[in-house]
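The values are calculated or read from the model by the stated rules, or taken from the named source; none is laboratory data. Computed from a predicted structure; not experimentally measured. Here Cβ is always computed from backbone atoms with ideal geometry, including for glycine, and neighbour counts include all displayed protein chains.
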């Protein structure tokens, strides 16, 4: 772990963004760790500092929109767009599928970066990418604060932290076998 990575991890810990317990992740997997990036975005100065570090590791030219899946990607997308001086929108689930709502429109041919707070399986990012590419929008890459381990995407992907945090299917969860109370802190119903 580099010194810069260590500093970022320490900041996450200081902001109480790394939780321990028995969690139901948005992906449906269970884990003894939950990364609550909302704690990073609670303080605008911290958010700006973290995003500035993220921007350093990707080539930001030609980005016309930053798109974040609701809820986790909204604040990161906003701060990225602010610092990159571009536009931002977010996707939401409508009838179980990602969609652009609230009058958001991205012109075909636009080049976008997808922003997500934490990558566990990459499922939400892939749903957003599928929605956009079907509308003739080019996905340049993905920016995230944390990769929980072994996420591989078909797009260039950039993140600040890789944390190898175990995650289990519900039927193979050692925490369930120990009867530890399950908490669902994420946003997806």
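Tabulated data for the structure shown
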item: Any chance residue 10 is within 29 Å of residue 182 (Cβ to Cβ), in contact with a strand residue (DSSP E or B) (Cβ under 9 Å, 6 or more places away or on another chain) and modelled with pLDDT of 90 or more; result: no
item: Matching residues, region 54-83, being surrounded by 17 or more Cβ atoms within 10 Å (Cβ to Cβ), part of a helix (DSSP H, G or I) and touching a residue at least 24 places away in the same chain (Cβ under 8 Å); result: 54, 72, 73, 75, 76, 77, 79, 80
item: Region 58-84, residues that are out of contact with any strand residue (DSSP E or B) (no Cβ under 6 Å at 6 or more places or on another chain), farther than 18 Å from residue 160 by Cα and modelled with pLDDT of 95 or more; result: 82
item: Unmet criterion (only one of (1) under 20 Å from residue 119 (Cα atoms); (2) in contact with a helix residue (DSSP H, G or I) (Cβ under 8 Å, 6 or more places away or on another chain); (3) surrounded by 14 or more Cβ atoms within 10 Å (Cβ to Cβ)) for residue 147; result: (2)
item: Close pairs (7 angstrom Cβ cut-off, 6 or more residues apart or separate chains): without any contact (Cβ under 8 Å) to a residue 12 or more places away in the chain and on the phi > 0 side of the Ramachandran plot in region 1-29, surrounded by 18 or more Cβ atoms within 10 Å (Cβ to Cβ) and in a strand (DSSP E or B) anywhere; result: none
item: Counted residues, region 99-127 - those being buried (at least 22 other Cβ atoms within 10 Å of the Cβ) and touching a helix residue (DSSP H, G or I) at 6+ places or on another chain (Cβ under 8 Å); result: 9
item: Flag for residue 182 being surrounded by fewer than 17 Cβ atoms within 10 Å (Cβ to Cβ) and within 17 Å of residue 17 (Cα to Cα); result: no
item: Failed criterion for residue 130 (all others in (1) more than 17 Å from the chain's Cα centre (by Cα); (2) within 21 Å of residue 156 (Cα to Cα) hold); result: (1)
item: Region 90-99 - residue that is out of contact with any strand residue (DSSP E or B) (no Cβ under 6 Å at 6 or more places or on another chain) and touching a residue at least 24 places away in the same chain (Cβ under 8 Å) and, of those, farthest from residue 34 (Cα to Cα); result: 99
item: Every pair of residues 6+ apart whose Cβ atoms lie under 6 Å, when the first sits in region 143-158 and is within 11 Å of residue 58 (Cα to Cα) while the second is surrounded by 14 or more Cβ atoms within 10 Å (Cβ to Cβ) and modelled with pLDDT under 90; result: 158/58
item: Residues of region 12-41 satisfying the condition of being outside any strand (DSSP E or B), more than 16 Å from the chain's Cα centre (by Cα) and surrounded by fewer than 17 Cβ atoms within 10 Å (Cβ to Cβ); result: 13, 14, 16
item: Residue that is under 24 Å from residue 78 (Cβ atoms) and touching a strand residue (DSSP E or B) at 6+ places or on another chain (Cβ under 9 Å), where the choices are 175, 126, 165, 132; result: 132
